[in-house]
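First up is the structure itself, then whatever we jot down about it.
Just so it is clear, none of the values below were taken in a lab; they were calculated from the coordinates. Everything numeric here is computed off the predicted structure, so don't read it as measured data. So basically every Cβ, Gly included, is an ideal-geometry build from the backbone, and we count neighbours across all protein chains shown.
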C-alpha cells in the first residue's frame with residue numbers, strides 16, 4: 001500500500017519521536033498536571049510548532065517537514081500512537097506510546113499503577129477459573145480464543161506488577177534523595193513530605209495491602225495456582241511453566257515491595273505527622289481568627305478573648321487555672337491586717353471630713369471625741385504660748401531698761417551675773433535658763449559694739465563663777481565687758 | 001495524712017511553682033546534657049500524689065493531674081465566665097505553631113527537637129499579618145515575642161541553652177488536643 005504524501009512510515013515516525021520527543025513529553029506533562037487523559041489539540045499543535053521553529057534554525061527544511069509529518073495527527077492515528085476525538089478537539093495517547101515516552105524520559109518515569117487495576121486482575125482471574133470448568137465443553141474455536149485471552153491476561157498481569165515495582169522504587173528513591181538535599185528553612189521538605197504521603201497513600205500502601213493479601217486462601221497467588229493446574233490438565237506446558245515462574249518470582253517481589261514500603265513509610269509517618277499538625281493548626285488558626293473578627297463589632301463591653309464563651313468552650317484544659325499569686329495573693333495575704341488598715345484610713349477620713357455623717361453614730365462619736373481631745377490640747381498650747389509671749393516681752397523690756405547702753409564701764413563687769421541679778425529681781429517665776437535666753441539676745445549687740453571699738457568683750461575661759469537659785473548652785477563661764485578707751 | 005515520704009525541699013518548690021500559676025512537666029531541659037530529663041518535682045508529685053492532692057484541696061485549690069503535667073486550679077473561681085489564663089495560653093500556642101509552620105515554613109519537628117526550637121530574634125524579624133496581630137491583641141499579648149515568653153513563664157515552652165524555645169510535655173499535650181479537635185472536625 002502506498003502511503004499518503006502527508007504520512008510517513010512507522011519506523012521513521014518512531015525514529016523522529018525518539019529524536020524529538022518534546023511534543024509528547026509536553027502532552028504527558030499536561031496529563032499529569034491536570035490529571036486527565038485527553039489533551040487539547042491546540043496545546044499539542046502549539047508544542048509541535050515550537051519544536052519546528054527551533055529546528056528551522058539548526059536543520060534543513062527536509063528535517064522540519066519530516067518532523068511535521070511525524071507529528072501530524074493523521075500520521076499518529078495511522079500508526080495507532082494517538083486517538084483523536086473530533087467532538088471536543090482532544091488527543092489521547094495510546095498506552096503503548098505513553099509508556100514508551102515515559103520510559104524514555106528520566107523525569108517522567110512510569111507512574112505507579114493503582115490497586116484498582118490489580119483488584120480488577122483478581123476479579124478477571126476468578127472469572128477465568130470459573131470459565132475454565134467449562135473448558136472441555138467449548139468448541140475448538142472457543143478454546144483457541146480462551147487460551148489467547150489467558151496468555152494476554154498473564155502477560156498483562158506480569159507487566160503491571162513489574163511496572164509498579166519499578167515505578168514505586170524509582171519514585172521513592174527520587175523523593176528520598178530530594179528530601180536529603182532539601183533545606184528545612186525553605187519549606188521544601190513539607191512539599192516533599194506531601195508528595196511522599198501522596199505516593200504512599202495512593203499507590204504504595206494499597207498495593208502493599210493487596211500483595212499482602214495475595215497469600216490468603218482466596219488471594220491472588222492461590223488462585224494463580226488453580227490456573228496453573230488448569231494449564232497442566234490441558235497439557236499447556238509453556239503456560240504452566242510461565243505461571244510457575246510468576247508464582248516463584250512473586251515471593252522475591254513481595255520482599256522487594258515490602259522493603260520499599262518500610263523505607264517510604266518512615267518518611268510517610270514523619271510527613272503525615274507534620275501535615276496533620278500543619279492542617280489542624282491552619283483550621284484552629286482560622287477558627288480563632290473568625291472568632292476575633294466577630295468580636296470586632298464593638299457590641300461587647302470588654303472585647304477580649306477571655307470573655308468570649310465560644311473560644312473558651314472549644315478547648316478543655318486550663319479552666320480556672322491558678323493565677324500568679326503576686327497579683328492576687330489568695331494564699332499569703334492577711335485579710336485582718338487589710339481590714340484594720342482600711343478602718344484606720346476611714347477614721348482619718350472622718351476626722352478630717354467637714355461633712356459629718358448623721359446616720360453612722362459610731363463614727364459620729366469618734367469624731368466628737370477626737371475633736372474634743374484636740375480642742376483641749378489646742379487650748380493648752382494656746383495659753384502656754386500666751387504666757388511665753390508675756391515672759392519674752394518682760395525679759396526684753398528688762399534688758400532694754402538695764403542693758404541698752406554700756407556707758408561708764410570703767411571696770412569690767414560680768415554680764416551673765418548681771419543679767420541673772422536683774423531678771424531674778426524682777427521676774428516672779430524666774431528660772432536660770434531665762435538668763436541664758438537674755439544673754440543670747442544681747443550677744444549680737446555686744447559683738448557689733450566690739451567691732452565698732454566701743455566695747456571690749458572678753459570670755460573668761462579660765463574662770464568659773466556661780467549663782468544660787470532655789471537652793472541649787474549654777475556654775476557658769478563669765479563674759480566680761482568693758483568700755484574701750 | 002502522713003508526710004513522712006514527702007521531700008520537704010521539693011514540696012516547697014512545688015508549692016512556689018504551682019501557686020505562681022506554673023505548670024510542672026514530666027521533663028525539664030538539662031543545660032549540661034542538652035537534652036530533656038526527668039523533672040524531680042514531677043516525680044515527687046507522682047510518687048506522693050494523694051498527699052499533695054489533699055494539701056491543695058485544704059487550701060481551696062485542686063491539683064490537676066494531666067498525666068504528663070500538673071497544674072493548679074483555684075476552686076473559688078470555678079464557673080467563672082472569664083478565663084484569662086486559658087485564653088492566653090491557647091491563643092499563644094495556636095499563633096506560635098501557625099507562625100512557625102506557615103509563615104516560617106518550618107516542620108513541626110523543629111518545635112520539638114532540642115537542636116532546633118523557636119528563635120526569638122527570628123520571630124522579631126517577621127512582619128506579622130494583621131490577623132495574627134489582632135488575635136494577639138484580643139488575647140492581651142503585647143506581641144508574639146511576649147506571647148512566647150508568657151508560654152515559657154508558664155512552662156509550656158522550655159528555653160534551651162541555644163537561647164531557643166522548645167515545647168514541653170504540657171505544650172505537646174496541648175498540640176495533641178488541638179490536632180485531635182481539628183482533625184476530627186474535618187472527618
* Could you give log10 I(q)/I(0) at q = 0.05, 0.06, 0.09 Å⁻¹ for the protein assembly as shown, computed by the Debye formula over C-alpha point scatterers of equal weight, without solvent? => -0.57, -0.69, -1.00
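Hey, what's the Cα Rg ratio for region A:54-113 versus the globular rule of thumb, 2.2 N^0.38 Å? If you can, show how the numbers build up before the last one.
Numbers: Rg = 14.3 Å, N = 60, 2.2 N^0.38 = 10.4 Å.
For region A:54-113, the normalised Cα radius of gyration is 1.37.
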* Value of [θ]222 nm, deg cm²/dmol, for chain B, DSSP H segments ≥ 4, -39500 (n - 2.57) each, nearest 500 -> -14000 deg cm²/dmol
* To do: Can you tell me the 0 to 90 degree angle between the C-alpha axis of helix B:169-186 and the longest principal axis of chain B, rounded to 10?
  => 60
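Using a Förster radius of 22 Å, what is the FRET efficiency between residue A:233 and residue A:158 based on their Cβ-Cβ separation? Nearest 0.05, please. Numbers along the way, then the final one.
Numbers: r = 22 Å, r/R0 = 0.99.
That gives a FRET efficiency of 0.50.
If we count other beta carbons within 10 Å of each Cβ, what is the order of A:125, B:174, A:276, fewest first? Provide the component values of the computation, followed by the final result.
Details: A:125 19, B:174 24, A:276 16.
Going from sparsest to densest Cβ surroundings: A:276, A:125, B:174.
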* Structure fact -> Quick P(r) readout (region B:30-177; Cα-Cα; 10 Å bins; whole %) gives 10, 36, 33, 18, 3
* Could you tell me how many degrees, from 0 to 90 and to the nearest 10, lie between the Cα long axis of helix B:144-153 and the main elongation axis, the longest principal axis, of the Cα atoms of chain B? => 20
* Structure fact -> Taking A:42, B:148 and counting other beta carbon atoms within 10 angstrom, the fewest-first order is A:42, B:148
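Could you grab the relative contact order for region B:18-125? Cα pairs under 8 Å, six or more apart, rounded to a whole percent.
Details: 85 pairs, mean separation 20.1, N = 108.
Normalised by residue count, the contact order of region B:18-125 is 19 percent.
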* Asked: When the label point is put 7 Å from the Cα of residue A:180 along its Cα-to-beta-carbon vector, which residues of region A:198-237 have a backbone N closer than 11 Å?
  -> none
* To do: Extending each Cα 7 Å along its Cβ direction at residue A:149 and residue A:127, get the distance between those two points in nm, one decimal.
  => 0.7
* Structure fact -> Two pseudo-spin positions, 7 Å from Cα along C-beta at residue B:4 and at residue B:65, lie apart in nanometres by 2.2
* Structure fact -> Most exposed first, judged by fewest Cβ atoms within 10 angstrom, A:467, A:149 run A:149, A:467
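Can you give the FRET efficiency to the nearest 0.05 for residue A:279 and residue B:12, using r as the Cβ-Cβ distance and R₀ = 51 Å?
On the way: r = 44 Å, r/R0 = 0.87.
Using R0 = 51 Å, I get an efficiency of 0.70.
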* Asked: In the P(r) worked out for region A:381-485, what percent of Cα pairs fall beyond 19 Å?
  -> 47
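Any idea what the relative contact order of region A:61-178 is, in percent, if you count C-alpha pairs under 8 Å spaced at least 6 apart? Can you show the working numbers first?
Numbers: 52 pairs, mean separation 23.4, N = 118.
Taking the mean separation of contacting Cα pairs over the length of region A:61-178, I get 20 percent.
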* Distance between modelled label sites at residue A:452 and residue A:389, nm, 7 Å Cα→Cβ extension -> 3.2
* For chain B: relative contact order, % (alpha-carbon pairs under 8 angstrom, 6 or more apart) -> 22
* Gain on full stretching of the segment that runs from residue A:83 to residue A:249 - 0.36 nm per residue minus C-alpha separation -> 56.2 nm
